[in-house]
1. Can you classify segment B:44-163 as rounded, prolate or oblate using the Cα gyration tensor, where a ≥ b ≥ c are the square roots of its eigenvalues, rounded means a/c under 1.5, and otherwise it's prolate if a/b beats b/c and oblate if not?
2. For the protein assembly as shown, what is the percent of antiparallel DSSP beta bridges, rounded to the nearest 5?
3. Distance from the Cα centre of segment B:162-218 to that of segment A:324-364, in angstrom?
4. Which residue, chosen from A:Ala277, B:Ser414, A:Ser51, occupies the Cα position most advanced towards the positive end of the dipole of the protein assembly as shown, where the dipole is computed from +1 (Lys, Arg) and -1 (Asp, Glu) charges on Cβ about the Cα centre?
5. If you count only protein heavy atoms and use a 1.4 Å probe, how large is the accessible surface of A:Val110, to the nearest 10 Å²?
6. Hey, how many Å between the Cα centroid of segment A:40-103 and the Cα centroid of segment B:244-274?
7. Between the label point of A:Glu12 and that of the same position in each other copy, find the distances and list them shortest first in nm, with every label point placed 7 Å from Cα along the Cα-to-C-beta direction.
8. Which whole-number percent is the relative contact order of chain A (Cα, under 8 Å, 6+ apart)?
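The values are calculated or read from the model by the stated rules, or taken from the named source; none is laboratory data. Everything numeric here is computed off the predicted structure, so don't read it as measured data. We place every Cβ from the backbone using ideal geometry, glycine too, and count neighbours over all the protein chains shown. Remember, those area values only see protein heavy atoms, side chains included, never the ligands or the DNA or RNA. Shrake-Rupley method; radii C 1.70, N 1.55, O 1.52, S 1.80 Å.
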Number of protein chains: 2
Amino acid sequence: MTPPGISPRRFEEALHAFGAAIGDGNVFAAEDDRIAYSDHYSADETRQMPSAALAPASVEEVQAVVRVANEYRVPLWPISRGKNFGYGGAAPALRGSVVLDLSRMKRIAVDEENGTVLLEPGVGFFDLYDHLQDNDIPLWLSVPGNSWGSVAGNALDRGLGYTPYGDHSARICGLEVVLPDGGLVRTGMGAMAGGKTWQLYRHGYGPSWDAMFCQSNFGIVTKLGLWLMSAPETVVGVDLEFDQPDDLGWVVDTVAPLRRDGVIQQSPSMGSWLRSAAVLTTRDEWTDDPGPLGDSVIGAIRDRFGIGWWSLQLRCYGPREMTRAALDVIKRAFNARPVLAMKEARWERGDSPEGSPLTGVPVSFPLANANWHGGRGGHIGYSPVLPPKGDLAIEQFRRTHALYQRYGFDYHGSFAMGERSLTNVNQVLFDRDDRDMMRRMDAFFRALVADARAQGYGEYRTHIEYMDLVASTYDFNDGALRRLNEKVKDALDPNGIIAPGKNGIWPAALRDQAHEA
Amino acid sequence: MTPPGISPRRFEEALHAFGAAIGDGNVFAAEDDRIAYSDHYSADETRQMPSAALAPASVEEVQAVVRVANEYRVPLWPISRGKNFGYGGAAPALRGSVVLDLSRMKRIAVDEENGTVLLEPGVGFFDLYDHLQDNDIPLWLSVPGNSWGSVAGNALDRGLGYTPYGDHSARICGLEVVLPDGGLVRTGMGAMAGGKTWQLYRHGYGPSWDAMFCQSNFGIVTKLGLWLMSAPETVVGVDLEFDQPDDLGWVVDTVAPLRRDGVIQQSPSMGSWLRSAAVLTTRDEWTDDPGPLGDSVIGAIRDRFGIGWWSLQLRCYGPREMTRAALDVIKRAFNARPVLAMKEARWERGDSPEGSPLTGVPVSFPLANANWHGGRGGHIGYSPVLPPKGDLAIEQFRRTHALYQRYGFDYHGSFAMGERSLTNVNQVLFDRDDRDMMRRMDAFFRALVADARAQGYGEYRTHIEYMDLVASTYDFNDGALRRLNEKVKDALDPNGIIAPGKNGIWPAALRDQAHEA
């Protein structure tokens, strides 16, 4: 297997040249390697299989790899740790690309006093958590629900967490990037040699590049500055349960102003009953019926876990008197509303760790939801962004719920409440050994994207297989933003070697590879 | 007078073509017009004088102007309202450029429920304030100390205000931009035709462009989405006075963690004694001595205004119990510290407007400080960014204070406390009819920039005359970021028509125009 348009012999030469640059032991081109770097949640792992993988250990080695890639016109697909399951894992958008695995680059430099860290892409959430714990550094992470991936990679892909620092890409401060021509650039205040505010001041002087390297193929990020939250004195809040699907509406309308005005500073997530069940049980414990779960099963699941149709956790972080005051405001807002159950939560400095993503502790057990159907399971993310309005949220729920029903999937949606937006995060669970289900899955996903587009909602992120499809929904002025991205892509990467197809951006030479939308 | 390299006859043709596009009455090319659009705070107004100005009224007219500019290779210098005094006003970095005055574009579309506005560049702070007041919309602005300029222009140039929304460029959400080829693009969720979250979700899908059009010449922003703060229930705080220059150190170390951890959510500014005096009096009321002011005059000024060497105002915004709790935390932090005076401030919904930038009310009287020296006065901004550390702030103060003394200027510095940085905002006051002073001013400014560079501090913004000088201090990897910007500039703007020289970014054809650093 070779990259598109490259002969086996030429590719063999390229692999030798890569080996000369980073050591033959760090070039992986056997069949097993290709499988290891493919999408483990795909029905057909060969579909977006890479032709090889490379694992450089330093920025200089990344630069050397890029030079070779330019010489041989080999497309590289950079990954940090490749754990982005549900969005393609380590696999490239363009079949036959060479995965550039940065997981060996694991340096961590914490500035404790200012609450920042400069990270290499290979640093995982567990690595950084351990580093802070081992060195008694009173800073907290924000981690995603599945926290086994890369801190930098997650931020660059705009992953979300649950603390006030949960909009990870918004906390990026300064990058080091290997450009497609092998040149090295530092953004923001890092553009000054020896600059003292690289991780402290985000905007820099002139155009600001940090967000241009997010969900992007304009360069390879080799160091990422990130702001970390001071360990707070207290974390207080409420765990709320709601009985009816339509409670979603008034809850969104209650939380949105609190979130917008900063009473709630984290991004709460309103999740449905399947969230716990899929992690802690498998489907066959509940029913043998292959169709979507009925009310009696839903009732049984809710009884077992003592949850509502929706569950919501709200938390406030900070000095004791401030979190108490914020909690008072929150409780007042829910006063006399039809809350099924409300339980107060409280953590104070000195208590043993609360141990969940709400307090920045990485966890990986939610990955177990891939086992829901049995067989070789998996999931795919579908996450359109809505205005933070209750009536729109209810409509969104009803429309997508009906699509789940029509295509025979169990509803697995949640609503993440951002400062002025609502992201309807869906993890569609499937059994990839069930060929009929996987065929339905593809049709279902396309129906979901079309449904969002019809409403004027765009996905904030998507699986490698659907990057072109989602990109095609960003269609203002006949795709003006995509043309702008392509113009920059061609200027920076004339040989088209960095992540062709990432988020629907193709280099000139490979533009015909875009999947039909 | 014509743009560089364009004959008078050819320029005459271009002006006719511009007139055909936007109406002859909106083309200004008389001597008086050139003076009107020059830098009124410059010693020599002809130095960066434009050759003409154009005032389109719509995005279509902007596109038409851009097409003509491409045809005739006429460099355009877009301004929103051109009120950016201290940084060059309406004048272009490249002498002979044609000013593109967008001040006729004044549309305002407020989304009251979500707290956002979509603005055209001609909308001033007073316009938007009046619009909110006239329509009883309970949203607050964040305004700069001199608020007579454009809301969009200020955000795009990364202006600062004093409320929790004071980092104006950080509150941008979605742009409409005319690209150098005349094409129209919308960023973020506006990239979807009819998208419902253009002003609600900032990141979009793929690389995020908003910050690339800040301090930039990659396009002409014709609409800007901005988040606005809900009118809070209360604003409470303290006005603090400090007796000694070196109090700066412990105050910075006291405020920095409160600011970083969100107890204080606005960016307080610690200003020195000249701030009030220069606005409310003129220098000759105090002394005839031309040299820097001595201790006795400083003492007299402080007595008259009842202020310290430094003054600091801290404010908390929000529900009553939350601001009370935050104020308690703040007061505890200053407890038993050598505060010269502390006065509590309190505003509640229903009170008459507090009437200052602290509550988002635009003001223009601080412009009066240009009269400090008498004559035709002016000022220039010098604003390096430091880590938020007391010892570094004291050293910065001492070094720059010594430079003020050496070059014979009155110290006029303040320290704006950002989330993880400290911006040492200086407004150097001068009399531009005093030729000796203006000569010293240039040498003084260059000494200040060199001093910051030696410390590893970069300016966040600078005057048109010094854009190349400051750009040259961003020198990592031999100016890698500038080369990256130039590569993008050349790809997007091959004819080099949009704002040549803006923030040190020159198009290929004019790269020899860069001022020697």
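1. oblate
2. Details: 118 of 136 bridges.
Roughly 85 percent of the beta bridges in the protein assembly as shown run antiparallel, per DSSP.
3. Rounded to whole Å, the Cα centres lie 35 Å apart.
4. Positive-end residue among those listed: A:Ser51.
5. 40 Å²
6. A separation of 47 Å, based on Cα centres.
7. Label point to label point, same position, other copies: 7.2 nm.
8. For chain A, the relative contact order is 16 percent.
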